[in-house]
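To start, the structure under review is shown below, and the notes come after it.
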Amino acid sequence: MPVFDFKHTPEEKKNGECTYITFRSDETTPTPEKPLFVLDNHARKWKHHACGVVTNPVKKTTFEFQEEDGVVCADILRIDARFVSLLRWLGENHINVRLSGENREDGYAVYKIREMAFGGGTKLSAEDGFLQFMLERLLASSAPAEETEDEDIEETGDEMRLTSLQSITDFMTCAGRTMPDNIRIWAQRNLAVARSHEVSAEERRHAQRALSIMMNIHWKNNYFESIDPREARRILDEELYGMERVKQRIIETIIQINRTHTLPAYGLLLIGPAGTGKSQIAYAVARILKLPWTTLDMSSISDPEQLTGSSRIYGNAKPGIIMEAFSMAGASNLVFIINELDKAASGKGNGNPADVLLTLLDNLGFTDNYIECMIPTVGVYPIATANDRSQISAPLMSRFAVIDIPDYTPEEKKIIFSKFALPKVLKHMGLMEHECVVTEDALDAVVEKYAGTSGIRDLEQAAEHMAANALYQIEVNHVSEVVFDAKMVQELLDS
């Protein structure tokens, strides 16, 4: 593991001798070989589980072990750079913790920290899983940049939300430079507003709300782990029948991600008739990328402010849909599924929503009027759907890799109905396969009935209608099975 001797802050030099050096790491699971920090054990070997308090920066940079024979100190020798601010916070607030570690030749390697229930900490956010929340967030973060001497940065945590000013303050202290620089500076400025008595209560409320939104988002870097192309293919085959050319284009994208470890510069634009599975393809890609996803339905957006939010000068101001999507996902890396992109240019006098989308798609950052901060978008992967290519502007079209989705052939529709749509409905209704039988001529009749419509939605509705009719006959007429022929299908679907 590479070790870098970083400079230490003036605060550390003033308040106590700094005994440690920091090392950079991007490990997500600490182990004795890849620890959070290392304590001196040359004079005494420490227990696997040990309790005590971090005393940095009050005294020397040490950990005070609570042993049977009293308090025994050990210098901190090395710290993963991501956790320097967290250990400082633990020391400043006298939070009692239990360490799990292993004695090695180079020291006692700590790979787990737990807060003690009887810790007596005075910080509100030291309770309710804050420490575990911070550890999880920091482990999922990238190693921070080297801190400079003039830097002075002033909350299991899956269900935890940072809402109080105390928890937000503690989070900012512990997260430090693991946050993007512009967001860290923005947060400091808004925290000052939220605490100030020189501004109105409305301004303080807006600042605190914006902070809560931004600090609850995990700001990740743009590095992507490799994706197994075979697993990606399995997911595509599970979700889609046929469409070999479409599947190949998606696998090509996966291979590109594996080579560069970044998302492609262009998202996907799926163009084809209604009902051909465009949204299903988008959801499958999000599943393959293992990213949270959100949808933007452009047919319901007529005002750009719905996307960009409103200014805090208004009492009822709020973030836009895009910012709310980041907040709901809780992460900056996510899939934006933009439905009906061909409706994006249908603004009604207050501007064009399509222009807002351009800023989201350019990977240069997106600014919400309420948040007032540039949001990194390098981890955003857009997948758009559209029916009519001619209604999409050239600038929008140029931001996507276009995939044309053809309609299904009659033979493909027969297979989709018999192998996918009908079995799915039967399973949902609790019917056995032999209880609802569709003959070959009945199958032809179903496909012929909807020959003039695109996609497979009508077929799915027909499958549900037929299964419901079969269930009715079994329950009411007490038959053991229903066999649909062409005549029965025509009468049922025409009724």
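As a rough guide to protection, the peptides 436-444, 253-261 ranked by mean Cβ packing within 10 Å, highest first, stand as 436-444, 253-261.
Each label point was placed 7 Å from the Cα along the Cα-to-Cβ direction; for ASP485 and ARG457 their separation is 3.4 nm. The calculated Kirkwood hydrodynamic radius for segment 338-468 is 18.4 Å, given to one decimal from all distinct C-alpha pairs.
Placing pseudo-labels 7 Å out from each Cα toward the beta carbon at GLU412 and ARG245 gives an inter-label distance of 1.0 nm. Rounded to the nearest 0.05, the FRET efficiency derived from the C-beta distance between ILE255 and SER300 at R0 = 41 Å is 0.70. At full extension, ASN352 and ALA274 could sit 25.6 nm farther apart than now, given 0.36 nm per residue minus the alpha carbon distance. Distance between the pseudo-spin-label points of ASP237 and GLN132 (7 Å out from Cα toward the beta carbon): 3.9 nm. In this structure the amide hydrogen of CYS373, modeled in the peptide plane, comes within under 5 Å of the amide hydrogens of ASP368, none closer than 5 places in sequence on its chain.
Evaluated with a Cβ-only charge set (Lys, Arg +1; Asp, Glu -1), the chain carries a dipole of roughly 840 debye about its Cα centre, given to the nearest 20. When the GluC sites (Glu not before Pro) in segment 466-495 are filtered for DSSP coil states and for at most 10 other beta-carbon atoms within 10 Å of their beta-carbon, no site remains.
Among the listed pairs LYS318/LYS424; LYS343/LYS487; LYS278/LYS449, those whose Cα-Cα separation exceeds 32 Å are LYS318/LYS424; LYS343/LYS487. Looking at the chain, the DSSP beta bridges with both ends there are about 55 percent antiparallel.
In the chain, helical runs assigned H by DSSP with n ≥ 4 each contribute -39500 (n - 2.57); averaged across all residues and rounded to the nearest 500, the mean residue ellipticity at 222 nm is -11000 deg cm²/dmol. Listed peptides 322-333, 375-386 appear in the order 375-386, 322-333 once ranked by packing, highest mean of other Cβ atoms within 10 Å at the front.
For TYR381, nonlocal amide neighbours, meaning residues 5 or more places apart or on other chains whose placed amide H falls under 5 Å from its own, are LEU334, VAL335, PHE336. The H on the amide N of SER454, modeled in the peptide plane, is under 5 Å from the matching H of no residue at least 5 residues off or on a different chain. Toward the positive end of the charge dipole of segment 229-404, with +1 on the Cβ of Lys and Arg and -1 on the Cβ of Asp and Glu, the farthest Cα among LEU334, ILE371, ILE288 is that of ILE288.
We did not get these values from a lab; they are worked out from the coordinates using the rules stated. Keep in mind that what you see is a predicted model, and the values were worked out from it rather than measured. Because the Cβ atoms are built from the backbone with ideal geometry, glycine has one as well, and the counts that use them run over all protein chains shown.
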